[in-house]
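Working notes for the structure below.
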Amino acid sequence: MITGEPRFTSADVRAVKMLLSLIGGGVPMEEFMDVARVQLEANDAVAKGAVDLFLRYVREPLLTSHLSQKEEATRMVASFRLMLQAVSELIAYNFQRVALEKLTKELADEGTRSERAALRRDTARRSTDVA
């Protein structure tokens, strides 16, 4: 624990469990990390852009809104949380759509009839969750 805070959050633990499940399913860690590195670098650029937009179009207007410092700070944090949630969901949604599209194309070219049918059934079942 660092100053009374847990060293790892429950989100950290979930992320490690997901990584371990991928590795346990046969994905080589080194190759997964090569793919993950690309995503981490892209995330850095997206986060910088999102924060820049947030500062310019949300925080700056709040600073000139004549609110009390406490109210401005409260609104700023609430707005940032909303931005985090929205951007996170948009990124996840886009990744799921693109990954599903890539797998569908690959199976159309190289997959078995059973694989294509299983993917169609799964996609239909999850149509509210994924593209």
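A short reminder: the numbers here are calculations on the coordinates, not readings from a lab. Bear in mind that the values here come from a model prediction, so they are computed numbers and not experimental data. All Cβ positions, even for glycine, are placed from backbone atoms using ideal geometry, and neighbour counts span all protein chains on display.
According to the square roots a ≥ b ≥ c of the eigenvalues of the Cα gyration tensor, what is the shape class of the stretch 9-70, taking rounded for a/c under 1.5, prolate for a/b larger than b/c otherwise, and oblate for the remainder? Please report the intermediate quantities before stating the final value.
Working: a/c = 7.30, a/b = 2.48, b/c = 2.94.
It comes out oblate by the Cα gyration axes.
Taking the number of Cβ atoms within 10 Å of each Cβ as an exposure proxy, the fewest-first ranking of T104, T74, T3 is T3, T74, T104.
Once the C-beta distance of L82 and A124 is scaled by a Förster radius of 41 Å, the resulting FRET efficiency is 0.80 to the nearest 0.05.
A simple spin-label model places pseudo-atoms 7 Å from Cα toward Cβ; at L90 and N43 they are separated by 1.8 nm. Applying 0.36 nm per residue to the separation of L53 and E5 and subtracting their alpha-carbon distance, the gain on full extension is 14.2 nm.
Please arrange M29, M83 by how many other C-beta atoms lie within 10 Å of their C-beta, fewest to most.
Numbers: M29 12, M83 16.
Result, fewest neighbours first: M29, M83.
Count Lys and Arg as plus one, Asp and Glu as minus one, and take only other residues whose Cβ is under 14 Å from that of E72; the net charge is then +1. Of (1) 64, 35, 26; (2) 32, 29, 28; (3) 37, 35, 25, which is the value of Cα extents along the principal axes in Å derived from the coordinates here? Matching the structure shown: (1). Suppose R0 equals 41 Å; then what is the FRET efficiency for L63 and V35 from their Cβ-Cβ distance, rounded to the nearest 0.05? FRET efficiency, L63 to V35: 0.55. Helix 113-125 and the long axis of the chain differ in direction by around 30°, with both axes built from C-alpha atoms.
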